């Protein structure tokens with residue numbers, strides 16, 4: 001009787017273990033399964049119909065064009081060429097895809113997640129500030145990457161890449177899914193269709209619907225920002241437009257300030273924004289002098305990095 005119970009337990013454990021194998025893209029049961037839209041004489045595998053192996057060609061496993069830069073003339077100064085199963089049918093069931101990331105100077109791949117894949121990124125040209133945030137308690141892991149550096153982003157975590165250089169940057173990313181998916185956080189929350197009820201967003205982000213939540217207000221006019229800027233010795237002109245889009249505002253500042261003042265402004269703005277988020281999301285107050293000290297430390301680190309590369 002005991003042997004029988006032990007046998008059942010062993011079988012149950014093996015059954016549970018076997019389900020873990022299929023947590024990601026399932027392994028193919030044949031040499032390949034080239035995706036095809038025509039359902040005639042096809043086999044449905046992993047979300048796609050398989051092309052008849054007898055008519056598969058070498059071009060089903062080939063994609064040209066990752067040498068061509070994507071157009072970065074947009075608000076964020078960034079674009080991506082993603083080669084997934086839709087562009088390269090031979091990827092079906094292989095559990096991989098590849099992307100080229102192009103950044104204009106100060107271009108940003110905004111915070112986003114890949115719900116079905118981890119990512120490994122290599123910098124081909126330029127200097128990128130990259131990072132990801134863990135699940136609660138939301139610890140940030142961040143690093144400055146230069147040409148040839150590699151960084152890994154765990155599956156499902158919010159991450160970003162920001163070109164902190166004055167020239168274009170290029171990176172390539174491998175993902176362990178034929179169709180990793182992408183959710184851009186800001187677009188999903190504030191640009192959903194139909195829109196999320198404003199009362200939900202107001203309560204979630206702890207903002208006053210009567211407060212003018214422009215980017216200019218956040219960085220200069222809110223009480224936290226005013227207290228920090230009052231401590232700054234360098235006189236940086238106040239932005240005279242109330243741009244609601246941060247990247248339009250950043251473009252304005254690039255045109256308005258010299259390099260040193262721009263670097264000072266950027267680190268101050270980052271520190272103010274980060275401190276303000278802590279107020280709303282973590283209910284933590286940061287003293288203005290600590291915010292200023294953090295910004296000065298970030299600026300010093302950045303200037304040392306730039307000096308080492310010159």
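The values are calculated or read from the model by the stated rules, or taken from the named source; none is laboratory data. Note that the structure is a prediction, hence the values are computed from the model and not measured. No Cβ is skipped: glycine too gets one built from the backbone with ideal geometry, and neighbour counts run over all protein chains shown.
Given the criteria outside the structural domain of residue 105 (by TED's automatic domain parsing), modelled with pLDDT under 85, surrounded by 11 or more Cβ atoms within 10 Å (Cβ to Cβ) and within 21 Å of residue 139 (Cα to Cα), does residue 252 qualify?
Considered against the rule, which asks whether it is outside the structural domain of residue 105 (by TED's automatic domain parsing), modelled with pLDDT under 85, surrounded by 11 or more Cβ atoms within 10 Å (Cβ to Cβ) and within 21 Å of residue 139 (Cα to Cα), residue 252 comes out as no.
May I ask you to list the residues in the range 63-82 that are free of Cβ contacts under 8 Å to residues at least 24 places away in the same chain and more than 21 Å from the chain's Cα centre (by Cα)?
Passing the criteria: 64, 65, 67, 68.
Do we have any residue at all in the range 189-203 that's at pLDDT 90 or above, touching a strand residue (DSSP E or B) at 6+ places or on another chain (Cβ under 9 Å) and loosely packed, with under 14 Cβ neighbours inside 10 Å?
No, the conditions are met nowhere in the range 189-203.
Return yes when residue 169 is at pLDDT 90 or above and crowded, with 17+ Cβ neighbours inside 10 Å and no when it is not.
yes
Within the range 96-186, which strands (runs of 3 or more DSSP E) (wholly inside it) include 3 or more residues that are free of Cβ contacts under 8 Å to residues at least 60 places away in the same chain?
The qualifying strands (runs of 3 or more DSSP E) are 119-125, 128-133, 140-145, 150-153, 158-163.
Do you know which of the residues in the range 83-95 that are in contact (Cβ under 8 Å) with a residue 60 or more places away in the chain and on the phi < 0 side of the Ramachandran plot is surrounded by the fewest Cβ atoms within 10 Å (Cβ to Cβ)?
86
Looking only at the range 106-125, which residues are crowded, with 21+ Cβ neighbours inside 10 Å and under 25 Å from residue 96 (Cβ atoms)?
Answer for the range 106-125, where residues must be crowded, with 21+ Cβ neighbours inside 10 Å and under 25 Å from residue 96 (Cβ atoms): 109, 113, 114, 117, 119, 121, 123.
Which residues, counting only those in the range 84-95, are assigned to a helix (DSSP H, G or I) and in contact with a helix residue (DSSP H, G or I) (Cβ under 7 Å, 6 or more places away or on another chain)?
Matches in the range 84-95: 89, 90.
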